[in-house]
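Worksheet: one structure, shown below.
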Amino acid sequence: MDVKVTVNGETYERDVEPRKLLIHFLRDDLDLTGSHIGCDTGNCGACSVIVDGVLLKSCMMLAVQADGAKIETVEGLARDGELNGLQQAFSDHHALQCGYCTPGMLMSATALLRANPRPSEDEIRKGIQGNLCRCTGYVNIVDAIKAATE
Amino acid sequence: MLLREVEYARPASVQEAVRLLSDQEGARALAGGQTLINVMKARAASPDALVDLNGLDELKGIDLGSDGTVTIGAMVTYSEVIGSAEARARPILGEVCAQIADVQVRNRGTVGGNVCSNDPTNHLPPLMVSLGATMHITGPGGERTVPAEEFFLGVYMTAAGPGELLTRISVPPGKRDGFASVAIGKDGTCIVNAAASVNGGARVALGCVDAVPVLLKTDSVEEDAVRAALQGANLDPPSDVHASADYRRHLAEVVAVRAVAQARGKS
Ligand SMILES: Cc1cc2nc3c(=O)[nH]c(=O)nc-3n(C[C@H](O)[C@H](O)[C@H](O)COP(=O)(O)OP(=O)(O)OC[C@H]3O[C@@H](n4cnc5c(N)ncnc54)[C@H](O)[C@@H]3O)c2cc1C
Ligand code: FES
Ligand code: FES
């Protein structure tokens, strides 16, 4: 099926099999490998992207369902090679170790801060509830998101 | 994971969706995909064709009737319920949806998908039974309604049969409701859950203890009466790594008492 999407402002058109998951379409067809596959069961959130303003896990959506959509992925956060405020805060606060969860964390935090620019710590923790991190213990991630609001 | 090859259709109306679903035996409705796509990855289900319900406005929207009835379209997401002023007329709806999984799952998962998948650990089947909701089903033979307590037939089986669609759920007015669970981690999968509605007596629907929600009605809402109803119900819950049958039976009584107490505390 013909699928036309805008990812981080750029338009792509591809012929896609209905069985292809959005995460595979982004990674394999569009070579946007920032979004990761962690669990493939909907639990880890490493594949989180924003589709038409909605944060979702792209391993549970078909690429054909995104036809016509505007997609945001981690590759779209930096501008002209400069990390954005949230990314810089992750770096400053050591909010990652292996970095596997980071693209998903950043997209969840992006969606959270858009809906709620001054979240409490509790709201931050709820906002990243769907993103698992096996390294950091979350404390520095929460600190980084809090710092990005200041 | 690469799914098995599957056809995909995006119908323009409920009528067309029903036709597509009844024309082809191996066709399945795709709602939020938060269960279906995962079971397709695991090959636990391998439909030949997916009929995507996303984009059908007829299945969207939450309506508050003049008598206080809240009618929820099958394709309404949990996040939409949580954010809806109309759904707040029956506050428990948003309160329970906010306990399901995480932001991403709540943004995609639908009320219709939750009840139609009838996973015994899901949140909404017992809730709809305790609230005395009415399920609206459309199929090749036309429309019909089924009370929630008759809708759930078995694990992953409901009264919305092959070729049929759940279109909306009507929830009668009320406020004195409660929901309690013991889950695997915060907002995780339920080990046991109970939804309660108090109106004179209590309606308590228990989840995770049988293939379908178990409805108990008590004349009194006192704790002793709720405990007696639970003990008289002869529950035969499953055992798994999270809880033995005995422990689950014990927890069922605990969460039932909590859900009723919560409902009684509301005015
Ligand atoms: C990580 C994770 C954690 C989760 N935790 C919970 C939890 O704690 N509690 C909970 O309740 N759920 C939980 N879920 C499940 C989630 O709520 C699903 O969204 C829900 O079970 C199915 O809804 P869906 O809209 O995604 O439906 P789909 O997955 O698209 O469909 C499910 C089934 O219902 C059928 N169906 C869907 N809509 C209709 C309709 N209108 N008419 C007829 N048939 C229909 C489909 O054909 C399919 O067989 C979790 C999911 C994930 C990924
Ligand atoms: S890969 Fe999508 S949630 Fe883990
Ligand atoms: S930094 Fe390794 S999983 Fe989060």
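For (1) under 18 Å from the mean Cα position of the chain (by Cα); (2) surrounded by 15 or more Cβ atoms within 10 Å (Cβ to Cβ); (3) of a type outside the set (Ser, Thr, Tyr), each residue gets a yes or a no:
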position	(1), (2), (3)
A:11	no, no, no
A:19	no, yes, yes
A:34	yes, yes, yes
A:41	yes, no, no
A:47	yes, yes, yes
A:55	yes, yes, yes
A:71	yes, yes, yes
A:88	yes, yes, yes
A:94	no, no, yes
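Scanning segment B:79-106 for residues that are among the acidic types (Asp, Glu) and closer than 19 Å to residue B:64 by Cβ gives B:80, B:86, B:95. Taking the numbered list (1) touching a helix residue (DSSP H, G or I) at 6+ places or on another chain (Cβ under 9 Å); (2) surrounded by fewer than 18 Cβ atoms within 10 Å (Cβ to Cβ); (3) closer than 29 Å to residue B:219 by Cα in turn, residue B:153 passes all entries but (1). The criterion of being facing another protein chain (nearest Cβ under 9 Å) and within 10 Å of ligand 2 (Cβ to nearest atom) does not hold for residue A:38. On the stretch given as segment A:57-89, residues that are hydrophobic (A, V, I, L, M, F, W, C) and within 20 Å of residue A:141 (Cβ to Cβ) total 6.
For segment B:1-42, the candidate set comprises residues that are among the basic types (Lys, Arg) and in contact with a strand residue (DSSP E or B) (Cβ under 8 Å, 6 or more places away or on another chain); within that set, the residue that is farthest from the other protein chains (Cβ to nearest Cβ) is B:28.
The strands (runs of 3 or more DSSP E) falling completely within segment A:41-150 that include 1 or more residues that are under 30 Å from residue A:15 (Cβ atoms), within 16 Å of ligand 2 (Cβ to nearest atom) and without any contact (Cβ under 8 Å) to a residue 12 or more places away in the chain map to A:54-57.
May I ask you to verify whether residue B:178 is in contact with a Gly (Cβ under 9 Å, 6 or more places away or on another chain), of a type in the set (Gly, Ala, Ser) and part of a loop (DSSP other than H, G, I, E, B)? Criteria not met by residue B:178. Within segment A:57-69, the set of residues being of a type outside the set (A, V, I, L, M, F, W, C) and either within 16 Å of ligand 1 (Cβ to nearest atom) or buried (at least 18 other Cβ atoms within 10 Å of the Cβ) (or both) comprises A:57, A:58, A:65.
Restricting attention to segment A:108-130, the residues that are out of contact with any Phe, Trp or Tyr (no Cβ under 9 Å at 6 or more places or on another chain) and either within 14 Å of ligand 3 (Cβ to nearest atom) or at pLDDT below 95 (or both) total 2.
Per-residue answers, yes or no, for (1) among the hydroxyl-bearing types (Ser, Thr, Tyr); (2) closer than 23 Å to residue A:50 by Cβ:
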position	(1), (2)
B:52	no, yes
B:61	no, no
B:66	yes, no
B:115	no, no
B:119	no, no
B:134	yes, no
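Residues in segment B:62-76 include none that are open to solvent by 10 Å² or more (accessible area, probe 1.4 Å) and within 14 Å of another protein chain (Cβ to nearest Cβ). Among the residues making up segment B:156-189, a single one is among the aromatic types (Phe, Trp, Tyr) and open to solvent by less than 70 Å² (accessible area, probe 1.4 Å): B:179. Scanning segment B:103-135 for residues that are more than 16 Å from ligand 2 (Cβ to nearest atom), within 14 Å of chain A (Cβ to nearest Cβ) and small (Gly, Ala, Ser) yields B:113, B:117.
Does segment B:93-107 contain any residue that is over 13 Å from the mean Cα position of the chain (by Cα), free of Cβ contacts under 8 Å to residues at least 12 places away in the same chain and within 10 Å of ligand 1 (Cβ to nearest atom)? The answer is yes; a qualifying residue exists.
The values are calculated or read from the model by the stated rules, or taken from the named source; none is laboratory data. The structure presented is a predicted model; accordingly, all values stated were derived computationally and were not measured. Reconstructed Cβ throughout: ideal geometry from the backbone, glycine too, with neighbour counts over all protein chains shown. When the accessible area is computed, the model is the full protein with side chains, heavy atoms only, and any ligands, DNA or RNA have been set aside. Shrake-Rupley method; radii C 1.70, N 1.55, O 1.52, S 1.80 Å.
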